[in-house]
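K.L.:
Mind looking over this structure? Questions follow.
The values are calculated or read from the model by the stated rules, or taken from the named source; none is laboratory data. Note that the structure is a prediction, hence the values are computed from the model and not measured. Cβ sites come from the backbone with ideal geometry, for glycine too, and all protein chains shown count toward neighbours.
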Amino acid sequence: METKRGVVLVRGAGDLATGVILRLVRSGFRVVAVEAEEPTAIRRTVAFSEAIYEGEVAVEAIVARKTPSVSEAFELLEAGIVPILIDPQCISLEEIHPMALVDAILAKRNLGTSSRMASIVVALGPGFEAPQDAHAVIETNRGHYLGSVIREGSAQPDTGVPGLIGGYGKDRVVHAPIAGNVMSIKGIGDSVSKGEPILEIRQAEAEGAVVAAPLDGILRGLIRPGICVRAGLKIADVDPRGERAHCFTVSDKARAVAGGVLEAILALGGRPD
């Protein structure tokens, strides 16, 4: 099958992946994304993965729509819409036959991507070695090298510690204290004070847990209500800078990583139609 020029397949559609998709679409590429059946992004207002639940979402004026088939995906591309397929194993790769593939799952490990999957393969973050797993790896760790294109070697190891925002790192991120179903008390974009309840985790036959804001700020991320979470899963993010508009636009980190992906694709010979 002939490679489809200008088509990029992105694995994942969370907030960083969405930043990548936006940059590629605005640069003239046609992007198809594949996602899990139940995505767990917390920055849901800037994640195309929400289309899996909502059917259609828009981020910064770019529209993404859930689609059941590759044929319909190409129809959406012609209409300027980003198609989102439920396809965590990337089975649709052979039918889509993209010019480039971007692994933006951010699992901190390789879940099956290899440099043989497309003429250009780019992977985000740790867990990949260039050029064996991907032709280029993009640094995702906040700091001096964020967004750098690595053609030989790997990204910095996962530290397990969130990058600093407004002087706060791990203290701004909330993890589930127990397993159970999430019920929201606050919403994304709400102002919160330290110790104020933001969500509740309920269990069928046991006492649940009320989860409080770890600091003063704006609730920038919150896992989708009704989701069943495991203990330890990241479920919320409080931004101490207090800028509500930041909740509805992609982050500085996403933009830097997206710039690295675009640079890598162009340097490796990829071009839009």
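K.L.:
One residue is enough: does region 169-183 have a residue meeting the conditions more than 25 Å from Gly226 (Cα to Cα) and part of a loop (DSSP other than H, G, I, E, B)?
P.N.:
Yes.
K.L.:
Can I ask one more? Would you check which residues across region 189-207 are in contact with a Gly (Cβ under 7 Å, 6 or more places away or on another chain) and within 17 Å of Lys234 (Cα to Cα) and list them?
P.N.:
Passing the criteria: Glu200, Ile201, Arg202.
K.L.:
Next question. Tell me which residues, restricted to region 102-131, are under 15 Å from the mean Cα position of the chain (by Cα), surrounded by 22 or more Cβ atoms within 10 Å (Cβ to Cβ) and among the aliphatic types (A, V, I, L, M).
P.N.:
Val102, Ala104, Ile105, Val122, Ala123, Leu124
K.L.:
Being part of a loop (DSSP other than H, G, I, E, B) and touching a Pro at 6+ places or on another chain (Cβ under 9 Å) is the filter; apply it to region 1-28 and report the residue that is modelled with the lowest pLDDT. Give the derivation first.
P.N.:
Applying the first criterion (part of a loop (DSSP other than H, G, I, E, B)) to region 1-28 yields 1-3, 12-14, 27-28.
Add one more test, that the residue is touching a Pro at 6+ places or on another chain (Cβ under 9 Å), and what stays is 3, 12-14, 27-28.
Working: Thr3: 72, Gly12: 98, Ala13: 98, Gly14: 97, Ser27: 97, Gly28: 97.
Result: Thr3.
K.L.:
Restricting to region 201-223, and then to whatever is within 12 Å of Asn181 (Cβ to Cβ) and modelled with pLDDT of 95 or more, can you tell me which residue is farthest from the chain's Cα centre (by Cα)?
P.N.:
Ile201
K.L.:
Residues in region 33-65 that are of a type outside the set (Val, Ile, Thr), crowded, with 19+ Cβ neighbours inside 10 Å and more than 25 Å from Val174 (Cβ to Cβ): how many?
P.N.:
The total comes to 3.
K.L.:
Here is a further query. Can you pull out the residues in region 35-62 that are over 13 Å from the mean Cα position of the chain (by Cα), part of a loop (DSSP other than H, G, I, E, B) and among the aliphatic types (A, V, I, L, M)?
P.N.:
Across region 35-62, the qualifying residue is only Ala61.
K.L.:
Moving to a separate point now. Quick check on Leu101: is it part of a strand (DSSP E or B), touching a residue at least 24 places away in the same chain (Cβ under 8 Å) and either out of contact with any helix residue (DSSP H, G or I) (no Cβ under 9 Å at 6 or more places or on another chain) or not charged (D, E, K, R) (or both)? Before the answer, list the steps.
P.N.:
Working: part of a strand (DSSP E or B): yes; touching a residue at least 24 places away in the same chain (Cβ under 8 Å): yes; either out of contact with any helix residue (DSSP H, G or I) (no Cβ under 9 Å at 6 or more places or on another chain) or not charged (D, E, K, R) (or both): yes.
In short, yes.
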